[in-house]
1. Only four residue types carry charge here, +1 at the Cβ of Lys and Arg and -1 at the Cβ of Asp and Glu. Report the dipole size of the chain about the Cα centre in Debye, rounded to the nearest 20.
2. Per DSSP helix of 4 or more residues, -39500 (n - 2.57); summed, then divided by the residues of the chain. What does that give at 222 nm, rounded to the nearest 500?
3. Quick check: at a probe of 1.4 Å, how many percent of the accessible area of the range 126-263 sits on carbon and sulfur atoms?
4. Given a cut-off of 24 Å, name the pairs among LYS394/LYS594; LYS394/LYS520; LYS394/LYS652; LYS181/LYS520 whose C-alpha atoms lie farther apart than that in the structure shown.
5. For an R0 of 25 angstrom, estimate the FRET efficiency from the Cβ-Cβ distance between MET229 and GLU281 and round to the nearest 0.05.
6. For the chain, what is the relative contact order in percent, using Cα pairs closer than 8 Å and at least 6 residues apart in sequence?
7. Counting only DSSP beta bridges with both residues in the chain, tell me the antiparallel percent, nearest 5.
8. Relative contact order for the range 195-342: what is it in percent, counting Cα pairs under 8 Å that are at least 6 residues apart?
Amino acid sequence: MKKTVLILSLLLSLIFSFTANSSNVGKSSVIDELDDYIGDTLVVGKSALDNQHNVVIGRTIAYNPFGDDGAGVATMIFTDMALDRSTRYVKMNRIHFDEGELEIEHQNGGHQVSSGQFGGYATIGMAVNMETPIPIPAYHDRAQPGGTWGGRAATEISQFPGVFNIFEVPYENGISLTQFKVAVDRDSIVHLVGGESFSEAGQRKQLLYTRLRHNLANRTFEIINPDEMPEMVTDLTFTSAGNIAVSPSGERVAISRAISRYELGLSDTSAGSDLIIWLNEDRGLDWDFDNSMINVTQFQGPDLELLPDTTASEVDTLRSSSGNSMFFDEEDYLHVAFETNRYYYVDNTGYIYSQIYYWNEEDEEYIRIADGDFYLNAGVTTYGLVAGMPSLYKDPDTGFLWCLYQQFGEPGDTLEDGTAMDAGEESGRLNADLYITASPPGEFNGRLWYKGVNITNTKGTTGNIAIGDCRHERDASLALNNDGDYLHVSYLLDLNAGNHDNASEYSITDNPLVYQRVSKQELIDLYLENEEFVTGLPMHVDETGHWEDELNWAWRDIYDSAPEGKTLTPDDFAINSVYPNPFNSMARITFTLKSAGKVELKVYDVLGRELTTLINRTLEFGRHEVQLNADDFASGIYFITLESGNYQTVKKVVLIR
């Protein structure tokens, strides 16, 4: 039942087009002119497909902090569609970091992954705790125009960079499967979830789970589901997209989907959706889908017996939209961010006004982390909400929770005549920006969130933004692993607000795919400067699961920042690694501070002589990294010391010429 396709036809072109050091590649006048971006940006490709995803995005970027001998490598996956819409290929590109500068691996828009002519909706999975993790793209494709869609998983052949083995997910004849999401565990087990695409009007669509074993030696896949066929998670859906996550240990797998409350048997009538999660505690084996469902949102209503009081009869007036992001932390606890929108049963109307909430399985509280409950006299992208499409991450070293999301403007973003400041002239739809919110470690971790910071800042101010001048950041993703000083973000920059790739009446634009690197410390500094938390809002009328802040979300400094020059104790700091070790000339040193303080990072030889001081200053708490350049050192044994006051920790390293 398995089928692996080796795309040898691409080998020649890929080898000759490959470049590993092209510093001018990725420059773009569109990006260069945007001076208000936070961090660094790089164009990695272009596409006329403006909606890279529908409803649920998944992960489209992976980061390996150990790649390039410890300098780190980011890998992006995207769909490249020609302007005439004749072809649509899934492509992959890498971003390298040469002494802090961004470089792109493949100057011709990325390595082609897909073999069919209409691949798309690509995501990427990569284990977070392997020394040499392999990025695994997943997407849907079809062999010929008009054919059925099918799922694909791909792995790059180590001997031939840019050439991929492709596994075709088996499925029943006549069924089209699309919108695949992927997660990879430390044992190289690949977990996929995808949904049935086409069905008759009103007919339910299956959501299917596939489990693959990835052979690292020969870069092939083997399906290991029972009967070598995908397993049905549910057929209580009318749309295709689900989401999936796996814990660092590989023991826990979670699948999510928004499902109609009527289909769940919770309402006698159509009454919006709840967010459902299926949780497996056995590495994706022996699922019991019927009895492993967790209703995360548990919305209530309507209660028609309370009519004619239309307000009371609504009960809850929020419902789950489909956008959600799941993340397992280093202790295997599940964290979820999800979007909700306003819904009124009596009017049978859903609105684009929205809220993003955070939930974890330990506290089971609903914490608002973004507020999109406003209207700017203009519509948003199809499948969009005023605030939505969250992408969640927890830093294992610092405990910070980070959430990237999309937002269409801010309250008051209108001209004197009421026109939206940032709407496109052709579609009349708003452009979006990207925001990042965070919750610091400590007593209020996951409960108090800093008000989101706009990291793109491309908001128009004149209204009726011309085609080509629109700056609509969309389909954004945060990497699953963001070890170090930066957050790694991918997205498409739509130059014509709205969804136009399949609409002949609108102008189609060639839109940049963008990588953005954002400094965690810069964000923290902005949060502390802005001095504002996201205020709480009960998700349920009866306030079930609501956490109430005793100080009514008034600002106070809950960030563990220490006074200048504070001396740390031995329990407060540690050298995590020196990579590689042994090393030749260059090594990356990573260390962690549990609180801010004065530290010195030094190098000594075997005679105890101090050779160089790499750091001598006060640093904030968290994970830090520095490069050791040993060009002037002879081969031999050296000692890296991290010192604070009278305390120190030591790591032995070996230099081999």
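The values are calculated or read from the model by the stated rules, or taken from the named source; none is laboratory data. Remember, it's a predicted structure, so these values are computed and weren't measured experimentally. Heads up, the Cβs are rebuilt from the backbone with ideal geometry, glycines too, and the neighbour counts pull from every protein chain shown. Just so you know, the surface numbers come from the protein's heavy atoms only, side chains and all, with ligands and any DNA or RNA stripped out. Shrake-Rupley method; radii C 1.70, N 1.55, O 1.52, S 1.80 Å.
1. With only Lys, Arg, Asp and Glu charged at Cβ, the dipole is about 2400 debye.
2. -1000 deg cm²/dmol
3. Working: 2230 of 4910 Å².
Answer for the range 126-263 is 45 percent, counting heavy atoms of protein chains only.
4. LYS394/LYS652; LYS181/LYS520
5. 0.65
6. Working: 1820 pairs, mean separation 69.1, N = 657.
Here the relative contact order equals 11 percent.
7. 95
8. 17
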